[in-house]
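Student: Okay, handing you the structure first.
Just so you know, all these numbers are worked out from the coordinates, no wet-lab data involved. Keep in mind that what you see is a predicted model, and the values were worked out from it rather than measured. Every residue, glycine as well, gets a Cβ built from its backbone with ideal geometry; the counts of neighbours run over all protein chains shown.
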Amino acid sequence: MSIRLLLADDHTMLREGLRRSMEGAGFDVVGEASDGDEAVRLAEELHPDVVLMDVSMPVMDGIEATRLLREKTTDTQVVMLTMHADADLIVKAVRAGASGYLVKDCTTDEVARTVRMAANGETSISPELAESMLQEAQDEIISKREVEVLQLIAEGASTPEVAERLYISLKTVKNHLASIYQKLDSRDRTQAVVRAVKMGIIRLD
């Protein structure tokens, strides 16, 4: 069964080119949107597996559209396709719920691969984006100490065990966890771990 794809970009020629290349790669392009508001409306109506979303669009930008879309249609994944290889935008896109982030000078094969990964629930950042840029984006979200705390939590350590292994007080661990929950917009440690793994901040072996 082919992956159902919605294209969202305010440039008609680019959408037409994407449609041809994506259909040629075996995707079922079910619709096109010229702004973020239309993208959200069509996603609710057409239920695509993945939306290929531009960042800079009129009426509503791609990041806000992604946030709304992910709230309303949790089964639809979003891959950002943009001219902006910018760490701050990566952070905002991931926080909004994007599963992939590509720059527009990537190849059709890279787009196709990232869309397939998104449809399978995987996360992908364009290889064109330097590792240092991704690290910068991660550092802006949570501190190195918070990463250490969250990594230990992900490995199954209790709050007292985290305190003991990092040689810090129990109260300090709890403060770090509260900060992590707020920064990752999470209700509890499980949700925080899941989001951190998706964003590439920590790893699960």
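Student: Quick one: length gained pulling Glu71 to Met13 fully straight, 0.36 nm per residue minus the C-alpha distance?
Tutor: Length gained between Glu71 and Met13: 17.9 nm.
Student: With everything on Cα atoms, drop me the angle between helix 62-72 and the longest principal axis of the chain, reported from 0 to 90° to the nearest 10.
Tutor: 80 degrees
Student: Pop a pseudo-label 7 angstrom from the Cα along the beta-carbon direction at both Met83 and Leu204 and give the gap in nm to one decimal.
Tutor: 3.9 nm
Student: Here's another thing I want to ask about it. Helix 144-154 against the longest principal axis of the chain: what's the angle in degrees, Cα atoms only, rounded to the nearest 10?
Tutor: 90 degrees
Student: Continuing with this model, one more query. Give, in whole angstrom and from largest to smallest, the semi-axes √(5λ) of the equivalent ellipsoid of segment 33-78, with λ running over the eigenvalues of the Cα gyration tensor.
Tutor: Ellipsoid semi-axes (Å, largest first): 15, 10, 9.
Student: Residue separation times 0.36 nm, minus the C-alpha to C-alpha distance between Arg187 and Asn120: what's the value?
Tutor: 21.6 nm is the gain from fully extending Arg187 to Asn120.
Student: Let me ask something else about it. Against the longest principal axis of the chain, how steep is helix 189-198, in degrees 0 to 90 to the nearest 10, with axes from Cα atoms?
Tutor: Orientation of helix 189-198: about 50 degrees from the principal axis.
Student: Compute the length gained on full extension between Ser2 and Val197: take 0.36 nm times their separation in residues and subtract their Cα-Cα distance, giving the result in nm to one decimal.
Tutor: 67.4 nm
Student: For the chain, set up a Gaussian network in which alpha carbons nearer than 10 Å are linked by springs, and say which option among Ser124, Ser179, Ser34 fluctuates the most.
Tutor: Ser179
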